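Below is one structure, written out as structure tokens, with a few remarks after it.
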Amino acid sequence: MSLSAELGQWHLQGLGLSPDAALASGLKAMTMPMHTGMDQFAVHGGQLAVGGVPLNLLAARVGQTPFYAYDRALLRQRVAQLRQQLPATVKLHYAMKANPMPAVVGLMAGLVDGIDVASGGELQVALDAGADPVEISFAGPGKRDIELRQACASGVLVNVESGRELELLARESQNLGRPARVALRVNPDFELKGSGMKMGGGPKPFGIDVEQVPGMLARIAALGLGFEGFHLFAGSQNLNAEAICEAQVKCYQLALRLARDAPAPVRSLNLGGGFGIPYFPGDRRLDLAPIADNLARLCERARNELPLARLVIELGRYLVGEAGVYVTRVIDRKLSRGQVFLVCDGGLHHHLAASGNFGQVLRKNYPVTIGNKADDLLRETVSVVGPLCTPLDLLADRMSLPVAEVGDLVVVYQSGAYGASASPQTFLGHPRCAEVLV
Ligand SMILES: *Cc1c(COP(=O)(O)O)cnc(C)c1O
């Protein structure tokens, strides 16, 4: 008997089933552990380890399920890898809306060159985290008066996205007796091809249409505001290096053209980000090498064409997405007309994206495993659902997973970005999830 078949037998016995009964109920012993394609977390004795802590111990330490766990070493490693590949003169910013947990922002603030915030609330977290206000930039299509005041008072760079914002910022600056720092967020006249979410090109609520930029630059001059540069952000979750390079070149050329009408030299040229991570079978990891080469060429051009400008890229998902898991406990196991459902204590309300309801057109399974049985060779096809009374609360749709029982820990990989803060936690009144940085 092969080792795997033997292990299969052993598990079947553990479940109190004969092999025949097991087969009849749809259980299958596989010859190899299933490949989720995820190898960033070590597995020891079947336990997935986050930050080196085995999952069963981590769950006990957190004191509750469900929870998100983020791995410090993986966050550090990702930044180090980017630093190593990208030209040294490119500034690396963290777009904290991807994961605003204060401990994560605190760690990232010490690793990257700046933090991008998208609200007054995020600004507060970034400042508390110890981020240097000089290196904070603030974008968002609807900044309220109070947020513009907070931005001006704290001395951060405001990526202005409308004429109204410009006038308000000038007023706040005057009231506070403090110069405002202004960049224009530009809605380009092209799109980032192949992006999961497009945020530039065509009619958009984000930024200022290119056509309106010269008029805005004239107004900045008339108001005597401190102009620092341009911000262009074309889209998110892109795995196509060529498309990202093309967008970066176009953004650069656009900024160069717009700079001719600027009231001051461009000091900051934020080319956005959009770097994606693999979620689904067939997703190919983003190739950084061509992007690094492309940025090096743009830095070289900028030395002559925009000599005071620093190029900035702002990344959210790419920095934190792969360093986090979502962990939820199986609270019931149901067999319905031949299909097994693992019902968990968490789901859509904590992890909207994994349920497929965060902007996805077609629902696909995130990579999932049973985190305390990650090595198990005995597998079965199950659906993992949450406790919410809606069919949308689905974490895995008919997936092959290690055989799980009540009490086991379901792990959703690729959950470090757009997780807890991007989910409707109050929906249906279940408890909130915890978050830990390990
Ligand atoms: C959301 C956002 C980001 C981060 O996008 P990711 O896809 O997570 O990297 C960066 N910049 C701006 C302006 C954003 O709105």
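General remarks:
- Every residue from segment 284-306 that is part of a loop (DSSP other than H, G, I, E, B), more than 14 Å from the ligand (Cβ to nearest atom) and open to solvent by less than 50 Å² (accessible area, probe 1.4 Å): Leu306
- Ser355 vs. criteria farther than 21 Å from Val62 by Cα, crowded, with 23+ Cβ neighbours inside 10 Å and touching a strand residue (DSSP E or B) at 6+ places or on another chain (Cβ under 7 Å): yes
- Criterion (open to solvent by 20 Å² or more (accessible area, probe 1.4 Å) and farther than 22 Å from Gly274 by Cα) met by exactly one of Gly120, Gly142, Gly130, Gly155: Gly130
- Being open to solvent by 50 Å² or more (accessible area, probe 1.4 Å) and either within 16 Å of the ligand (Cβ to nearest atom) or outside any strand (DSSP E or B) (or both) is a condition met by at least one residue of segment 265-273.
- Restricting attention to segment 327-352, the residues that are without any contact (Cβ under 8 Å) to a residue 24 or more places away in the chain and either in contact with a Phe, Trp or Tyr (Cβ under 7 Å, 6 or more places away or on another chain) or surrounded by 13 or more Cβ atoms within 10 Å (Cβ to Cβ) (or both) add up to 1.
- Pairing residues of segment 270-296 that are closer than 14 Å to Ala243 by Cα with residues that are of a type in the set (D, E, K, R) and open to solvent by 10 Å² or more (accessible area, probe 1.4 Å), at Cβ distances under 6 Å and at least 6 apart in sequence or on separate chains, gives Gly273/Glu314.
- Filter result for the condition that a residue is within 16 Å of the ligand (Cβ to nearest atom), open to solvent by 20 Å² or more (accessible area, probe 1.4 Å) and under 20 Å from Glu161 (Cβ atoms), over Lys193, Lys204: Lys204
- Exactly one residue out of Leu184, Leu223, Leu217, Leu176 is within 15 Å of the ligand (Cβ to nearest atom) and of a type in the set (A, V, I, L, M, F, W, C), and it is Leu184.
- Check on Ser173, of a type in the set (Ser, Thr, Tyr) and outside any loop (DSSP other than H, G, I, E, B): yes
- Taking first residues from segment 226-242 that are more than 17 Å from Arg267 (Cα to Cα) and assigned to a loop (DSSP other than H, G, I, E, B) and partners that are near the ligand (Cβ under 8 Å from one of its atoms) and at pLDDT 95 or above, the Cβ contacts under 7 Å between residues at least 6 apart in sequence or on separate chains come to Gln237/Gly276; Gln237/Arg317; Leu239/Gly276.
- Checking Ala309 against (1) away from the ligand (no atom under 16 Å from the Cβ); (2) open to solvent by 40 Å² or more (accessible area, probe 1.4 Å), the condition it does not meet: (2)
- Only residues that are of a type outside the set (D, E, K, R), closer than 10 Å to Lys193 by Cα and more than 13 Å from the ligand (Cβ to nearest atom) were counted in segment 226-246, giving 2.
- Members of segment 91-112 found to be surrounded by fewer than 20 Cβ atoms within 10 Å (Cβ to Cβ), away from the ligand (no atom under 13 Å from the Cβ) and in contact (Cβ under 8 Å) with a residue 60 or more places away in the chain, listed by number: Lys91, Ala103
- Unmet requirement for Val330, which otherwise passes all of (1) more than 14 Å from the ligand (Cβ to nearest atom); (2) assigned by TED's automatic domain parsing to the domain that holds Leu232: (2)
The values are calculated or read from the model by the stated rules, or taken from the named source; none is laboratory data. Computed from a prediction, not measured in an experiment: that's the story for all the values here. Here the Cβ is made from the backbone with ideal geometry for all residues, glycine too, and neighbour counts use every protein chain on show. Surface areas here come from the heavy atoms of the whole protein model, side chains and all, with no ligands, DNA or RNA. Shrake-Rupley method; radii C 1.70, N 1.55, O 1.52, S 1.80 Å.
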